[in-house]
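Please treat every number below as a calculation from the coordinates, not as lab data. Quick caveat: nothing in here was measured; it's all calculated off a predicted structure. Note that each Cβ is placed from the backbone with ideal geometry, even for glycine, and that neighbours are counted across all protein chains shown.
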Amino acid sequence: MQVIYVDSLFCLSLLTDYLLCLTAGRLCGLVLRRGRYLAAAVLGAAYSVAVFLPPLVFLSLPAGRLGCGLCMGMVAFGRERQPLRCTGVLLAVAAAFGGALWAVTLAGGGMGAYPAALSLPALLLSFGLCYALLSLLLRARRLLTERRRVAVRVSLLGREAGFLALEDTGNALSDPVTGRHVLVASPRALRPLLRENAALFAQLPPVELLEALGTVPELAGRFRLLPYSNLSGSGLLPVFRPDRLLLDGRETEELLVAVSPNAAGEGFEAIL
């Protein structure tokens, strides 16, 4: 008869699920929300214990496992712009880690049973292998990103902001009236220009935002809304024409600047 210690199982599952959420967040390039990841890990750890309770054994069925994974994803990434995509990455990372854990268990002479596979040495070794591979992938991604980053300086109302933009060949956003290409920057990058008004861009929907900016004398009439569409949907972006804009030290008059909280990522604060 196999004996399962609930406290050990819960703690190991808690650590595993937290690291899975953290890994998925890093892969998606998100601002890491560790509190939400911990809450999702608590849910996953409770599930790992529940499946061994006789009244709840039905939760071990594939539908139950998938349901738990989706719930964990919503808890961890529900506030992100693309929660389903992030949840899909979480499930993929979990599957990859499960394969690594199975392989480590078999290599150690085990049969891959669930409790044995969750032994601490196997867990740490599996995560070490997965993290090493992830680090290589992130490093390669960072090197590619560094080659494609552009130094931007934007002037407006006598103020200036400097930041890095990721040159994205898939960014086809342009103004349908003037035909100018649009640089999309985060409110944080433009804070030196917008000052305390930068917070409004993350708090208000586009129409209400434009109305609020109209009450600020120095910004009234400087912004308008530009329609956009991408794979995740469509909407409106606030956009303005800068007084001056330089890309890697070269001045250009062919760009407008849009503001979006989703334009920042690892090592850049705008998308060109």
Checklist entry - Tally Lys and Arg at +1 and Asp and Glu at -1 over the other residues with C-beta under 11 Å from the C-beta of Glu218: what net charge comes out? => result +3
Next on the checklist: Neighbour counts of other C-beta atoms within 10 Å: give me Tyr37, Tyr228 arranged from fewest to most.
Outcome noted: Tyr228, Tyr37
Checklist entry - What shape does the range 149-271 take by its C-alpha gyration tensor, where a ≥ b ≥ c are the square roots of the eigenvalues and a/c under 1.5 counts as rounded, a/b above b/c as prolate, and the rest as oblate? => result rounded
Item to check | For the range 241-252, Karplus couplings with θ = phi - 60° (6.51, -1.76, 1.60), whole Hz, Gly/Pro x | outcome: 9, x, 5, 7, 9, 10, 10, 6, x, 9, 6, 9
